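First comes the structure, then the notes that go with it.
The values are calculated or read from the model by the stated rules, or taken from the named source; none is laboratory data. What you are looking at is a predicted structure, and each value in this text was computed from that prediction instead of being measured. Cβ coordinates were reconstructed from backbone atoms using ideal geometry, including for glycine residues, and neighbour counts include every protein chain displayed. To get the accessible areas, we keep the full protein, side chains included, count just its heavy atoms, and leave off ligands, DNA and RNA. Shrake-Rupley method; radii C 1.70, N 1.55, O 1.52, S 1.80 Å.
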Amino acid sequence: MRDSGSEDLIVKMSQVIKEYPLGKLKVQALRGIDLNISRGEFTTIAGPSGSGKTTVLNLIGCVDVPSSGDVQIAGQSTTNLSDKELTHLRLMKIGFIFQSFNLVPVLDVFQNVELPLLLQGELGASERAVRVKEIIARVGLSDQLRQRPNELSGGQRQRVAIARALVTNPALVLADEPTANLDSVTGNTIIELMKELNATQKTTFIFSTHDPKVMRQASRVIRLVDGEIVLDNDGIEGVVEATDGRGEVGS
Amino acid sequence: MSQTQSSLRMISLIAMRNIMSNKVKSSIVASIMVFGTMLLVVGTALLDSVESSMQKVVTSSLTGQLQVYSSQGKDELALFGGLTASLPEIGEIEDFSRIKSSLEEVPNVQAVVPMGLTVSTGSSGNDIDEVLRQLRDAASNNDAQTVASLSGQVREIAGSLLEEYADKEKISNDLNRLDKERAALEEVQKDAFWQDFTQNSQERLLFLDTKIAPLANNGRRFFMRILGTDPQAFKQHFDRFEVVKGEMIPPGQRGVLISKRTHERFLKHRVARELDRIKREIELEGRSLEDDELLQARARRLSRQYRRVTFQLDPSEVAQLEPKLRDILGSEASAKDSIKELIQKFLHVDHSNFDARYDFFYAQVAPMIELYRVNVGDVVPLQSFTRRGYVKAVNVKIWGTFQFKGIEDSDLAGVVNISDLLTFRELYGKMTRAQRAELEALRDSIGVEDISRDSAEDDLFGGSDEIAIVEQDSQESFDEFQDVEVMAREDRIKQVENLTYSQQELEQGLALNAAVILEDPDDIQRTRALINQKIQQDDLKLKVVDWKEAAGLVGQLIVVIQIVLYVAIFIIFLVALVIINNSMVMATTERMAEVGTMRAIGAQRGFILVLFMLETLVLGLGAGFTGALLGVGIIEILGVWGIPAANEIVRFIFAGPRLYPHVSLSNVLIAAGVIFVVSLLSTLYPALIATRIQPVVAMRGRD
Ligand SMILES: Nc1ncnc2c1ncn2[C@@H]1O[C@H](COP(=O)(O)OP(=O)(O)OP(=O)(O)O)[C@@H](O)[C@H]1O
Ligand SMILES: [Mg+2]
């Protein structure tokens, strides 16, 4: 665990439990998670299938609420927020990169990236255009500005998604298995792009992955097994190696 | 704010793109909505046009904007005819002057015109009377030659009457009487009857007067609906009313104006009437003698009616007409043809000769025959049941004929004849149900006969005129008639002209209903309410109806059309609603990930709602605009071409042979409103479902 001042903490999960109903029973997806993530971190959440990675990201991303415990985003507790307030929080603070890219199919690259800015409603048209073009340039798609998602490759689509996630300058970007639908070379460049943006923009990234090669890029690896954190390091080579595989370490 | 503008633009963009990317679905939905809107615009515009044309016609011919009549009556007022042919029992207004003074105090009421509708039968002099008069003169002058030629005419008449007996036997139950009548007619056919005519002229003429003339007279009854009113007030307030022939009933004078249609249809010489009818169908309904079999059949039937012409021709007229007929017939006429064959051949009209013969008929033949049974200036006995149930006959002067401008051709509009209120009061009777039924039976038989004649071409003519049947069934009921008939024509005229009345007499007395003429003819419903208040206040025991209700069945027709149209439109939009709803619900499940993503990246529920609603709204507005444009276009084109009236009733509704519809802004606005509501309603449910989609679904799913 890190000793950071709470003002630097972008994510603070305390005693978070998440249960899903399964018929009459309940499945505990998370069994008491305590997790602090500071601004500017490039963190990966690892773990075997069903270990709770997506669940953790959903709770951090405020698209789901914990059964008990508290999730704080940028110092704000989300426990008692309404749907509307949660939505606003997501809009202002969080960027999302999805496994299946999730671009709006009927909009072109520019429009997809512009969408969050429009939802925020803070910038005028010209400022928006500058910002959108700038971020699209950063992900290297300036030539594809007017293309629709179905005219792009998987890697290009995920770049658009990254641009969309970053265009609002969010405090935090979440990515659930962003490379799962990409071949490993493309996946690698996507992670490298994220890492580069983390370095230059100081944006906090939290992403989950199965891929050890991807994991190796992270500065911090949090390993989940059965809804519990079994390992948390700062990207020490050995630990990453040790966590590679099916997660025996720490059990 | 430019932000909202931009987001709206983005939302519209997404909506547009979604519409475009789902072309099949969108075009199905759009075409239904285009069709619905078009129908709505065209339908409401047509309906409005019909209603306003009908309103103009109905209100300015018979009803006025409002009508009042007794609240005690059993039936509802139906000035243009109701469900049955019978006259409705609408109760009575005992003292018209009281309601007149009372109602004229109501704001916006310009005038109150009294009315009362009753039925009567009329009778007119006829050809045989004229022939017998000449015969009497010739006999007293011992003019054997004239007697001989007149005898030919009498035999003609008797011959044509005889021909009817085969048919009469089929429908009569008094065969004994028929046998006697036939024997008399056969007697006249014999040469013996005429041989020593001048010696026995008194006896023979008596036989003709008593045995033959009544038989010929049988065909001379006619049926009339008489609307009694204040003729001067009527003329002043019903501006479609115009006198065609003769003159207006002068103030204070009694008499009748016959509707031109009654005059032309029921009182005109049958051959002339048939010619008119063929001409009318060629001109108004675009039929042609060249290929229309029905019309050809009618033309064939016409030539069999030659006797109706020949027996009215005296020898000098025959001499005059024969060379002209040979001239127009050309090679069709052969040297040995008599006037009979010539007329018969002349009446054999076809496509090539119809116009020439029609003109010839009116120029050459018509002046020699009695073109109308009742002529302007005649005084005719009308009869009906009196209030106490007796049959009563009244001599009335026919001042002229009239028509309602714009609906001259309509039989519906020609259904009433107009008289002064005093004549009406004499003719009006409180009939028992049985008496009324009897009179209706008469009337029905006229109608039925007229119709069956159209279809069964080989039936009756030379045969019985429809009116002959009336007489046959009604002989017993109308005994008193003979007394009236006996009065000499000059005496009748004198008697009638002495019968004058004052305005006070006219107004202080019975009427059945009254037209309320408004200053602002569009302010009907408010005035109606005011009148109702006044009725309450003054205890007038009246009810007030608008022109649509007062018109009767025709007025209800428009309500029926309205209902049919609205039901059709409702169904179309219901189908549209269900289809849109279903496809949108399907779309929400297809677009779960998209919606979830938008929610995840910060779109509020309202945004999703607007997004979905706007999609249908854009589609609806596009379709609505197209549909409205098409609808307006159709109406505009129809407004130039005009919609031809298919039949007589439609001609009445259209206030003429063609309707030139117009479209108003309200038609378009109504359509726009409906399409807007339908779009919103059909998408509301799927849009609400879409707002329930959780952002977390964005994290699932692979594509
Ligand atoms: N909506 C849900 N309803 C019921 N159970 C759920 C639901 N979502 C997740 N779970 C359960 O919670 C546990 C954690 O699931 P989660 O998706 O977080 O795992 P994961 O680590 O992301 O797995 P994977 O690597 O396969 O994506 C699993 O046992 C899963 O079955
Ligand atoms: Mg997962």
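Over the range B:127-197, what is the relative contact order in percent, taking alpha-carbon pairs closer than 8 angstrom and at least six residues apart? Mind showing how you got there, number by number?
Details: 35 pairs, mean separation 22.1, N = 71.
Rounded, it is 31 percent for the range B:127-197.
Of all stretches in chain A that contain no GluC sites (Glu not before Pro) in a DSSP loop with at most 12 other Cβ atoms within 10 Å, the longest one is A:123-247. Relative to the longest principal Cα axis of chain B, at what angle does helix B:144-163 sit, 0 to 90 degrees, rounded to 10? The helix B:144-163 is inclined about 40 degrees to chain B.
At an R0 of 41 angstrom, the distance between the Cβ atoms of B:ARG700 and A:GLU127 translates into a FRET efficiency of 0.75.
Working ranking of peptides B:532-540, B:683-691, A:160-168 by packing, defined as the average number of other Cβ atoms within 10 Å per residue, highest first, is A:160-168, B:683-691, B:532-540. Less than 5 angstrom separates the built amide H of B:GLY509 from those of B:PHE96, B:SER97, all sequence-distant by 5 or more or on a different chain.
Provide a whole-number value for the mean count of partner chain Cβ atoms within 10 Å of the Cβ atoms in peptide A:115-126.
On the way: counts 8, 4, 4, 10, 9, 3, 6, 1, 3, 3, 5, 0.
Across A:115-126, the average partner-chain Cβ count within 10 Å equals 5.
Extending 7 Å from Cα along the Cβ direction at B:TYR501 and again at B:ARG277 yields two label points whose distance is 3.6 nm. Rounded to the nearest 500, the 222 nm mean residue ellipticity of the protein assembly as shown from helices alone is -16500 deg cm²/dmol, with -39,500 (n - 2.57) taken per DSSP H run of at least 4 residues.
Note that the range B:27-41 has calculated 3J(HN,Hα) couplings of 6, 5, 4, 4, 5, 4, 5, 4, 4, x, 5, 4, 4, 5, 5 Hz, one per residue in order, obtained from phi through the Karplus relation 6.51 cos²θ - 1.76 cosθ + 1.60 (θ = phi - 60°); glycine and proline are x.
Which FRET efficiency value, to the nearest 0.05, do you get for B:GLN556 and B:ILE670 by plugging their Cβ-Cβ distance into 1/(1 + (r/R0)^6) with R0 = 22 Å?
Values: r = 23 Å, r/R0 = 1.03.
With R0 = 22 Å, the Cβ-Cβ based efficiency is 0.45.
Counting only residues at least eight positions apart within a chain, or on another chain, the lysines with an alpha carbon under 18 Å from that of B:LYS336 are B:LYS324, B:LYS345. Take each residue of peptide B:11-17, count the partner chain Cβ atoms within 10 Å of its Cβ, and average: the result is 3. Across peptide A:83-95, the average count of Cβ atoms from other chains found within 10 Å of a residue's Cβ is 3.
Inter-label distance, B:LEU175 to B:ASN532: 6.2 nm, where each label sits 7 Å from its Cα along the C-beta direction. Once each of the chymotrypsin sites (Phe, Trp or Tyr not before Pro) sitting in a DSSP loop with at most 16 other beta-carbon atoms within 10 Å is removed, chain B keeps B:1-389 as its longest stretch.
Taking the Cα centre as origin and putting +1 on Lys and Arg beta-carbons and -1 on Asp and Glu beta-carbons, what dipole magnitude results for the range B:127-197, to the nearest 20 debye? Show your work: numbers first, answer last.
Numbers: 9 positive and 17 negative charges, 25 e Å.
About 120 debye.
Phi angles of the range B:576-593 translate, via the Karplus equation with coefficients 6.51, -1.76, 1.60 and θ = phi - 60°, into HN-Hα couplings of 4, 4, 5, 4, 4, 4, 4, 5, 6, 4, 4, 4, 5, 6, 5, 9, 3, 4 Hz per residue; Gly and Pro are given as x. Kindly flag which residue pairs out of B:LYS74/B:LYS392; B:LYS74/B:LYS100; A:LYS93/A:LYS202; A:LYS12/A:LYS84 have an alpha-carbon separation exceeding 18 Å in this structure. Table pairs above 18 Å Cα-Cα are B:LYS74/B:LYS392; B:LYS74/B:LYS100; A:LYS12/A:LYS84. Taking amide hydrogens as placed 1.01 Å from N in the peptide plane, the amide H of A:SER208 sits under 5 Å from those of A:ILE45, A:ALA175, A:ASP176, A:GLU177, each at least 5 positions away in sequence or on another chain.
With solvent modelled as a 1.4 Å probe, how much accessible area in total do chains A and B shield from it at their shared surface, in Å² to the nearest 100? Mind showing how you got there, number by number?
Numbers: alone 11700 and 31850 Å², together 40710 Å².
That pair of chains buries around 2800 Å² in total.
Once the Cα-Cα distance is subtracted from the 0.36 nm per residue extended length, the B:HIS662 to B:GLU105 segment shows a gain of 196.9 nm. Just the protein heavy atoms count here, and of the accessible area of the protein assembly as shown at 1.4 Å, carbon and sulfur take up 54 percent.
The distance between label points at B:GLU203 and B:ALA144 comes to 1.9 nm (points 7 Å beyond Cα on the Cα→Cβ vector).
Between the Cα long axis of helix B:2-21 and the first principal axis of chain B there is an angle of about 60°, rounded to the nearest 10.
Per 0.36 nm of contour for each residue apart, how much would the distance between B:ALA335 and B:GLN236 grow if the chain were fully extended, relative to their Cα-Cα spacing? Don't skip to the end; give the middle numbers.
Numbers: separation 99, 0.36 × 99 = 35.64 nm, distance 5.88 nm.
29.8 nm is the gain from fully extending B:ALA335 to B:GLN236.
For B:SER352 and B:SER316, a Förster radius of 56 Å and the Cβ-Cβ distance give a FRET efficiency of 0.95, rounded to the nearest 0.05.
Place the peptides B:45-56, B:508-519, A:23-34 in order of packing, highest mean first, counting for every residue the other Cβ atoms within 10 Å and averaging per peptide.
Working: B:45-56: 19.8, B:508-519: 22.4, A:23-34: 14.1.
So the order, starting with the most tightly packed, is B:508-519, B:45-56, A:23-34.
For chain B, the longest principal axis of the Cα atoms and the long axis of helix B:270-284 meet at an angle of about 20 degrees. Counted residue by residue at 0.36 nm each, then reduced by the alpha carbon distance between them, the extension gain from A:GLN76 to A:LYS202 reaches 43.3 nm. Taking all protein chains into account, the per residue accessible area for the protein assembly as shown stands at 43 Å² (1.4 Å probe).
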